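The values are calculated or read from the model by the stated rules, or taken from the named source; none is laboratory data. Since the model is a prediction, treat every value here as computed from it, not as a measurement. All Cβ positions, glycine included, derive from the backbone under ideal geometry; neighbour counts span all protein chains shown.
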Amino acid sequence: NVSRQKTKFGNTCYCNSVLQALYFCRPFREKVLAYKSQPRKKENLLTCLADLFHSIATQKKKVGVIPPKKFITRLRKENELFDNYMQQDAHEFLNYLLNTIADILQEERKQEKQNGRLPNGNIDSENNNSTPDPTWVHEIFQGTLTNETRCLTCETISSKDEDFLDLSVDVEQNTSITHCLRGFSNTETLCSEYKYYCEECRSKQEAHKRMKVKKLPMILALHLKRFKYMDQLHRYTKLSYRVVFPLELRLFNTSGDATNPDRMYDLVAVVVHCGSGPNRGHYIAIVKSHDFWLLFDDDIVEKIDAQAIEEFYGLTSDISKNSESGYILFYQSRD
């Protein structure tokens, strides 16, 4: 539904493909459409997104093209990174979009609280400097990682939690998403100049460190790190490795105290990178709509077989030639 008009707005498929994928993440789409029905606010990136989603949702024609003109104009006004005719990185755009929407929602909530001053002039309940409450962006996409470090001298384990809206994982040739996630959580030894300062021993010690998933998000956005900087070439090159991503996924790299370790996930959308490098190439989206899969290539929409998804795993040969490979995967939890 979201198209690109090259003449008017350059390479915006990085944006189209991500918006298309997000539209098919049902919890996200529902929240954006609900936002649209709230009283009018001054224009920002979220109001433009809500208008766009609304025009897709209320489109009478079976097939049609809705150019995201207003959204792109707003995006370029707000962030110079996207203010050109170059092909941008879809993952950077996803990150920027989710963080910006969360900021907008938090700012609006702050305004509402300030307008709802208590009679004695105090601002309702929370101090301005406390951490803002999570927004629906966080409710949908945020998970928590726990970073466990075990001192090899005294065996004391210290852990630090950090939140994420998407997970970026390294890729290797002929592997699977599960393998990439295991690699992400592999134990790393901190030694020589990287020794860890242990509070118990009060000195630098060798230690084991690993990252596990402590809270599994409602929608897990997985970013495959397919662009690697090659020193000898002085540029980024694309890793077209074949990485299998299943239609259903369970995470095995969860921590012992994970809140919901048995969550089953279903693949709902994939942003695919076509081409040989980050700034040369094209993005398309494949999404699940009802019980079938659709491929969106700008203004071309076609129905594809679930088997056809295998074509987007990547290449088994190491030649970094043109390839169409899964770049951002969106998995939605069943519960």
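Per the listing Lys215, Lys110, the residue uniquely out of contact with any Lys or Arg (no Cβ under 9 Å at 6 or more places or on another chain), charged (D, E, K, R) and at pLDDT below 95 is Lys110. Pairing residues of region 251-268 that are more than 19 Å from His290 (Cβ to Cβ) and modelled with pLDDT under 90 with residues that are of a type outside the set (Gly, Ala, Ser) and not in a strand (DSSP E or B), at Cβ distances under 7 Å and at least 6 apart in sequence or on separate chains, gives Asn260/Leu216. I'd like to know if region 299-310 contains one or more residues that are touching a Lys or Arg at 6+ places or on another chain (Cβ under 6 Å), within 19 Å of Val18 (Cβ to Cβ) and surrounded by 12 or more Cβ atoms within 10 Å (Cβ to Cβ). There is no residue in region 299-310 that is touching a Lys or Arg at 6+ places or on another chain (Cβ under 6 Å), within 19 Å of Val18 (Cβ to Cβ) and surrounded by 12 or more Cβ atoms within 10 Å (Cβ to Cβ).
The residues in region 298-331 that are closer than 26 Å to Ile66 by Cα, touching a residue at least 60 places away in the same chain (Cβ under 8 Å) and not hydrophobic (A, V, I, L, M, F, W, C) can be counted, and the count is 6. The set of residues from region 156-167 being surrounded by fewer than 14 Cβ atoms within 10 Å (Cβ to Cβ) and of a type in the set (Val, Ile, Thr) comprises just one member, Ile157. Screening region 23-54 for residues that are of a type in the set (A, V, I, L, M) and farther than 15 Å from Thr100 by Cβ and picking the one that is surrounded by the fewest Cβ atoms within 10 Å (Cβ to Cβ) gives Ala34.
Of the residues that make up region 38-49, is at least one of a type in the set (Asp, Glu) and either closer than 15 Å to Trp136 by Cβ or in contact (Cβ under 8 Å) with a residue 24 or more places away in the chain (or both)?
Yes: one or more hits.
For region 173-201, taking the residues that are more than 18 Å from Leu249 (Cβ to Cβ) and β-branched (Val, Ile, Thr), the one that is farthest from the chain's Cα centre (by Cα) is identified as Thr189.
Residue-by-condition table, conditions (1) exposed (fewer than 15 other Cβ atoms within 10 Å of the Cβ); (2) assigned to a strand (DSSP E or B); (3) touching a residue at least 24 places away in the same chain (Cβ under 8 Å):
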| site | (1), (2), (3) |
| --- | --- |
| Glu148 | no, yes, yes |
| Cys154 | yes, no, yes |
| Val169 | no, yes, yes |
| Glu172 | yes, no, yes |
| Gly183 | yes, no, no |
| Pro217 | no, no, yes |
| Ala221 | no, yes, yes |
| Tyr229 | yes, yes, no |
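Does region 67-81 hold any residues that are surrounded by fewer than 16 Cβ atoms within 10 Å (Cβ to Cβ) and closer than 18 Å to Phe296 by Cα, and which are they? Once the filter is applied, which keeps residues that are surrounded by fewer than 16 Cβ atoms within 10 Å (Cβ to Cβ) and closer than 18 Å to Phe296 by Cα, region 67-81 yields only Lys69.
Every condition in (1) touching a Cys at 6+ places or on another chain (Cβ under 8 Å); (2) at pLDDT below 95; (3) surrounded by 21 or more Cβ atoms within 10 Å (Cβ to Cβ) holds for His282 except the one numbered (3).
Highlighted here are the strands (runs of 3 or more DSSP E) found entirely within region 253-329 that include at least 2 residues which are under 30 Å from Asp161 (Cβ atoms): 264-275. Of all residues in region 185-215, exactly one satisfies the criterion of being within 30 Å of Arg334 (Cβ to Cβ), in a loop (DSSP other than H, G, I, E, B) and either in contact (Cβ under 8 Å) with a residue 40 or more places away in the chain or of a type in the set (Phe, Trp, Tyr) (or both), namely Ser185. Applying the criterion of being among the small types (Gly, Ala, Ser) and more than 16 Å from Leu294 (Cα to Cα) to the residues of region 8-37, the residue that is modelled with the highest pLDDT is Ala34.
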